[in-house]
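One structure is given below, encoded as structure tokens.
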Amino acid sequence: MPTCNHGPWIDVTNNYSSWISDFSSENSELIISPEQRRWAPQEYIEGNFVDSIRTMMGAGSPGLKEGLSISYYSCTTSMSDKKLAIYSADGDFLIVP
């Protein structure tokens, strides 16, 4: 008997287009600047924790096998209603309220 019971894996990459993981110079969507940056407080995003994560900045890429990203989040609804969970395969996921 298996130790866990779940359905087949489903690729949801397209559902989270606001998450960026490749900060290499080949990513044409990024703005690279040596200047100090400032930003206004972010608006609350309606939804659960997973849906509200937005990447602000970062360095590196999965191809380099090193790097980091800095994201912000807000949540106005529970994830337990939809039975959602978030998992970090590499174990480096720090959430600071």
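The values are calculated or read from the model by the stated rules, or taken from the named source; none is laboratory data. Everything numeric in this text was worked out from a predicted model, so none of it was measured. Here the Cβ positions follow ideal geometry from the backbone for every residue, glycine too, while neighbour counts run over all protein chains shown.
Odds and ends about this structure:
- Flag if GLU46 is surrounded by 11 or more Cβ atoms within 10 Å (Cβ to Cβ), assigned to a loop (DSSP other than H, G, I, E, B) and under 17 Å from the mean Cα position of the chain (by Cα): yes
- Unmet criterion (only one of (1) modelled with pLDDT of 80 or more; (2) under 17 Å from THR13 (Cβ atoms)) for GLY47: (2)
- Of all residues in segment 69-83, exactly one satisfies the criterion of being under 11 Å from the mean Cα position of the chain (by Cα) and surrounded by fewer than 12 Cβ atoms within 10 Å (Cβ to Cβ), namely ILE70.
- Within segment 1-17, tally of residues that are modelled with pLDDT under 75 and surrounded by 10 or more Cβ atoms within 10 Å (Cβ to Cβ): 1
- Matching residues in segment 49-97 - criterion: being closer than 17 Å to SER17 by Cα, part of a loop (DSSP other than H, G, I, E, B) and in contact (Cβ under 8 Å) with a residue 40 or more places away in the chain: PRO62
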